[in-house]
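Following: one structure in structure tokens, then a few remarks.
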Amino acid sequence: MKILLASTLDSTHTIRWANGLSERGHDVLAFSTRPPLAGLLPEVRTVVRGGFGKLDYLIRGPALRRTVREERPDIVHAHFASGYGFLCANWLDRGSWILSVWGSDIFDFPAGPVRRRLLARNLARAGALLATSECLAKETAKHTGRPLRLTPFGVDAKRFRPRPEEREDDGLLRIGTARVLKPKYGIDTLIEAFALLRKRIRRRTRLLVAGEGPDRSKLERLAADRGIADSVEFKGWLSHDQLPSFLNGLDVFCALSRLDSESFGVAPLEASACGVPVIASNVGGLPETVRHQETGLLVGREAPQEAAEGLTALLDDSNLRHRLGQAGRAFAVERYDWERSLDIMERIYQDFPMR
């Protein structure tokens, strides 16, 4: 099957879909306004037409339509309703393409009547609608009466697996997160919770923050203001290939996002697949990937005190950490194995009318 993905290539998720479909024998071509991250398979062909930021979504339509006419793909699959969905809605035949909504395009973009009408139009012109989580499908339903099929991001359970040999045996308890350093991901809440934790327990602890973003200097100042700078390590950006080792070095993983636009919890799932218990905020799609008191703990949004209490409970009880970690591994493999996600996507493609 020849598949054209219209999606940003500077996203790990796009790279994974493109690579996964290519590895299953499909001819994959990616149309993007941004060049690819490292790791895209050489078998995946690309058409990159960018350079003008968000204006690209207004001016790159002719290039997309020309690519479709020349390549004649069996499937055109746009990702992100307010960007590539807009391109396809305006330059491809109605109903001839599939649209995946991602999160912020549904939760954040439709601010005001003009944007809401634009989003509804993009959704209406797609031939099929896909969402990564139940909460995202429910939010999307506010803008369309059409059904959505669920296509969760999966976790590669062969790469993300428990590796006890990578855990340092030095008596230090490690808490970690891996997110873009932006306000919505609640890294500040985690730092506040860690500061409270340090007053609760005598054990040696360390907070590891993987990721880069505009809030880094602000977060570093917050750690200094709370007197914990010597125990908070900012690791910088880690590639997807580096994450399994990072996660296996943790005792607890935290995802304390503050917004409902956290539509799916890939990072918590990857931690669970590594056998690491998770503390996550009870927002968006995170409760779908973290089972409260089964694979981890759910806490309120922007609730550092509650997060500190959860961390205390986990760090004080190695048996609890082990039980939740083992259950998390089983849950991730059973419900969200990457091969299963690819199976779901292939079935959707097979069901879609070829044009």
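The values are calculated or read from the model by the stated rules, or taken from the named source; none is laboratory data. All values derive from a computational prediction rather than experimental measurement. A quick note on method: Cβ atoms are made from the backbone with ideal geometry, for glycine too, and the neighbour counts reach across all protein chains shown. Remember, those area values only see protein heavy atoms, side chains included, never the ligands or the DNA or RNA. Shrake-Rupley method; radii C 1.70, N 1.55, O 1.52, S 1.80 Å.
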Cut-off under 5 Å, modelled amide H: who pairs with Thr205 long-range: Leu173
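So, with +1 on the Cβ of K and R and -1 on the Cβ of D and E, and no other charges, what is the size of the charge dipole of the chain about its Cα centre, to the nearest 20 debye?
Numbers: 53 positive and 45 negative charges, 220 e Å.
The dipole magnitude comes to about 1060 debye.
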Residue-by-residue Karplus 3J(HN,Hα) for the stretch 29-35, coefficients 6.51, -1.76, 1.60, Hz, glycine and proline x: 10, 10, 9, 9, 8, 9, x
Loop-resident sites, the stretch 109-174, for GluC sites (Glu not before Pro), counting at most 10 other Cβ within 10 Å (DSSP): Glu168
Neighbourhood charge, 14 Å Cβ-Cβ cut-off, centred on Met345 and excluding it, Lys, Arg +1 and Asp, Glu -1: -2
Residues with amide H under 5 Å from that of Ile279, placed H, sequence gap 5 or more: Phe253, Cys254, Ala255, Leu297
Alpha-carbon Debye profile of the stretch 179-241, log10 I(q)/I(0) at 0.22 Å⁻¹: -0.87
Nitroxide proxy distance, nm - points 7 Å out along Cα→Cβ at Ala141 and Leu320: 3.5 nm
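Tell me the Kirkwood radius of the stretch 45-131: reciprocal of the mean inverse pair distance over distinct alpha-carbon atoms, in Å. Kindly include the intermediate steps, with their values, before the conclusion.
Values: mean 1/r = 0.0757 Å⁻¹.
Hydrodynamic radius (Kirkwood, Cα pairs) of the stretch 45-131 is 13.2 Å.
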Low-density loop cleavage sites - GluC sites (Glu not before Pro) in the stretch 221-302, where at most 15 other Cβ are within 10 Å (DSSP): Glu294
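Rounding to the nearest 20 debye, state how big the charge dipole of the stretch 57-207 is about its Cα centre with +1 on each Lys and Arg Cβ and -1 on each Asp and Glu Cβ. Intermediate values should be presented prior to the final figure.
Numbers: 31 positive and 16 negative charges, 81 e Å.
I would put it at about 400 debye.
Heavy atoms only, probe 1.4 Å: what % of the accessible area of the chain goes to carbon and sulfur, would you let me know?
Details: 7390 of 15610 Å².
For the chain, the apolar C and S fraction of the accessible surface comes to 47 percent.
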Difference of contour (0.36 nm per residue) and Cα-Cα distance, Asn282 to Arg226: 17.6 nm
Estimated distance in nm for a label pair at Leu238 and Ile59, the labels positioned 7 Å out from Cα along Cα-to-Cβ: 3.9 nm
Rg in Å to one decimal, and Dmax rounded to a whole Å, for the stretch 168-323 via C-alpha atoms: 13.9, 38
Label point 7 Å beyond Cα of Glu346 along Cβ direction - residues of the stretch 1-40 with amide nitrogen under 13 Å: 1, 20-27
Compactness relative to 2.2 N^0.38 Å, alpha carbon Rg of the chain: 1.02
Value of Rg/Rh across the stretch 282-355 [Cα atoms, Kirkwood radius]: 1.18
Hz values of 3J(HN,Hα) by residue in the stretch 310-319 - Karplus curve (6.51, -1.76, 1.60), Gly and Pro given as x: x, 4, 4, 4, 6, 6, 7, 9, 5, 5
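Tell me the net charge near Ser82. Cut-off is 15 Å between Cβ atoms, Ser82 excluded, with +1 for each Lys or Arg and -1 for each Asp or Glu.
Details: positive: Lys54, Arg60, Arg115, Arg116, Arg117, Arg121, Arg125, Lys142; negative: Asp56, Asp105, Asp108, Glu139.
Computed value for this residue: +4.
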At 0.692 mPa s and 37 °C, Stokes D of the stretch 84-158 from Kirkwood alpha-carbon radius, µm² per second: 258 µm²/s
